1. Per residue, how many Å² of accessible area does the chain show with a 1.4 Å probe?
2. Kirkwood hydrodynamic radius of region 97-276 from all distinct Cα pairs, in Å?
3. Compute the Cα gyration tensor for region 88-143, then decide on rounded, prolate or oblate, letting a ≥ b ≥ c be the square roots of its eigenvalues: rounded whenever a/c is under 1.5, prolate when a/b is larger than b/c in the other cases, and oblate in all that remain.
4. Report the charge-dipole magnitude of region 97-276 in Debye, nearest 20, computed about the Cα centre from +1 at each Lys and Arg Cβ and -1 at each Asp and Glu Cβ.
5. For region 194-257, place one equal point scatterer on every Cα, skip the solvent, and apply the Debye formula. What is log10 of I(q)/I(0) at q = 0.13 Å⁻¹?
6. Given the alpha-carbon gyration tensor of region 24-66, what are the semi-axes of its equivalent ellipsoid in whole angstrom, ordered largest first, with each equal to the square root of 5 times an eigenvalue?
7. Taking a 1.4 Å probe, which of Arg422, Arg349, Arg414, Arg266 shows the most accessible area, and what order do the others take after it?
8. At a Cα cut-off below 26 Å, give the lysines reachable from Lys445, other chains included and same-chain residues fewer than 8 away excluded.
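The values are calculated or read from the model by the stated rules, or taken from the named source; none is laboratory data. Everything numeric in this text was worked out from a predicted model, so none of it was measured. Cβ placement follows ideal geometry from the backbone for every residue including glycine, while neighbour counts extend to all protein chains displayed. Ligands, DNA and RNA are stripped out before the accessible areas are found, and what is left, the full protein with its side chains, is counted by its heavy atoms. Shrake-Rupley method; radii C 1.70, N 1.55, O 1.52, S 1.80 Å.
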Amino acid sequence: MSTIRIASCIAVLLLIAAPVFAQAPDAGLAVITADKLLADVAHLADPALDGRLAGSPGYVTAARWAADRFASLGLEPGGEDGYLQWFDIEYNAFTATPTLAVAGADGAFTDCAIGADFTARGFSGSGDLSSSVAFVGYGLSQPDRGYDDYAGLDVTGKIVLCFKPNPSWAPGDSTTWAPDSQTPRQKSLVAQAHGAIGLLWFETAAPGKPARAPIGSVLHGPGVMPERFPQLEISEAVAENLLGAGAGEAARLRGLIDQAKKPQSRALEATAKVSVYADYSAKHPTCNVVGVLRGSDPQLAAQALVIGGHLDHVGRQGPGLYFPGANDNASGASAVLRLAEAFTRAGTRPARTVVFVLFSSEESGLEGAKWHAAHPFLPLKDTPAMFNLDCVACGDSIQVGSGKTSPELWARARALDEAGDRFMVTRTWADGGADATPFHQAGVKTLYWVTTKSYPHLHAPADLPGTLNGPLYEKLVRLCFRTAWDVAMGGGS
Ligand SMILES: [Zn+2]
């Protein structure tokens with residue numbers, strides 16, 4: 001055998017050993033630019049869309065805008081109402097900016113600033129109250145398991161103050177707390193059942209770390225809604241004013257409780273004035289937005305790659321507080337729109353079908369992703385992969401999750417990065433994560449696209465378009481397109 005033939009045999013063997021990738025068309029890649037991505041983020045993060053609280057007028061306006069984009073790309077509608085896939089959620093919208101004022105033993109009230117000093121929890125009930133405050137530790141009452149923050153303390157007619165985090169230990173001789181007993185909703189319901197009229201909760205700063213400002217959140221956990229029961233998150237500084245024993249008192253009390261696994265509850269010489277006005281509805285319509293590009297291969301077209309990201313965020317709290325959600329997740333939603341354009345501008349249709357979905361209600365418990373996974377465009381058993389894009393534009397490198405449960409798919413993304421920008425870190429994790437979770441649980445392989453250092457402004461008013469890293473964002477979406485194109489052409493399974 002000549003040396004030339006030996007060399008060509010080795011070349012053939014190498015070709016067999018290395019995975020073969022379908023090359024993403026340049027015409028598709030060319031539409032993915034930082035400028036275009038950031039322009040869509042700016043549109044979605046605009047105050048006119050009210051922070052895109054799922055089911056709110058601002059959210060529905062954003063959903064219709066996205067549906068128009070899918071239509072302009074010529075995608076097939078994938079909802080039962082054109083591109084819109086409607087379902088019902090629990091809904092709570094603030095009709096005024098919540099207020100809080102606190103007074104110590106001297107009775108002199110100080111007004112607190114919405115955003116910096118406090119926020120209302122998304123599913124706070126309404127109320128206009130003024131009352132003395134009692135400290136109730138973790139706000140947990142499970143006497144049957146050997147722990148009760150309310151034991152021996154009368155909180156009737158009072159506002160209770162408690163920690164937002166839950167203990168890292170289990171009570172008494174138990175190995176766990178009661179299921180779902182530590183959610184925001186349960187802390188309110190337990191306080192209400194003990195006669196309290198409102199709840200303030202707060203985080204203690206980790207040692208050596210600055211205290212975190214209160215956030216916006218609509219995650220509440222299962223159960224009935226305490227409609228006439230305000231629930232606010234306050235800063236550690238405001239909490240220490242109420243505790244009345246100087247800086248460090250909150251951490252000291254938490255340390256004592258953790259050490260002895262015994263409550264430190266007490267009445268305080270402090271008063272709080274709270275007002276919250278919200279419209280609550282147990283059932284309120286919201287929608288996912290679904291656009292479909294049919295595959296070109298007669299067999300593979302029955303299989304759909306799902307590319308999704310959530311469109312919703314945590315809304316606004318009256319005129320006084322607004323959560324733009326630029327990174328979370330205007331960035332992911334804009335990426336899905338631009339990926340749809342890249343696929344339709346590629347000049348050739350992929351073999352497999354691609355379903356583009358903007359999910360609603362991620363923020364209140366993955367409701368849109370769960371709904372879509374239960375009502376998919378094509379059966380999930382024929383779904384080779386689901387890509388989720390969530391918080392993809394802030395930070396300094398690309399991370400792709402689910403690599404421990406979808407290693408082959410992850411390795412394809414990694415190899416494509418190695419051959420290109422080399423911006424992807426090797427850190428990954430198992431399972432789906434956020435909106436990928438219902439798909440992972442249904443047996444679909446997933447990839448979770450996110451940036452490293454993505455969360456400095458998570459659920460804060462500061463999550464603004466100006467904080468995003470345009471060049472990184474473009475690189476991530478292009479790598480996602482390269483990987484998605486490869487899967488859509490039959491790769492990965
Ligand atoms: Zn979020």
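1. Numbers: 19260 Å² over 493 residues.
About 39 Å² of surface per residue is accessible.
2. Across region 97-276, the inverse of the average 1/r is 16.1 Å.
3. Numbers: a/c = 2.34, a/b = 1.20, b/c = 1.95.
Because a/c hits 1.5 or more and a/b fails to exceed b/c, region 88-143 counts as oblate.
4. On the way: 15 positive and 18 negative charges, 54 e Å.
In debye, rounded to 20, region 97-276 gives about 260.
5. Log-scaled intensity ratios, in q order: -0.45.
6. 27, 11, 6
7. On the way: Arg422 155, Arg349 120, Arg414 55, Arg266 80 Å².
These residues rank, largest area first, as Arg422, Arg349, Arg266, Arg414.
8. Answer for Lys445, where 26 Å is the Cα cut-off: Lys370, Lys381, Lys404, Lys453, Lys475, listed by chain and number.
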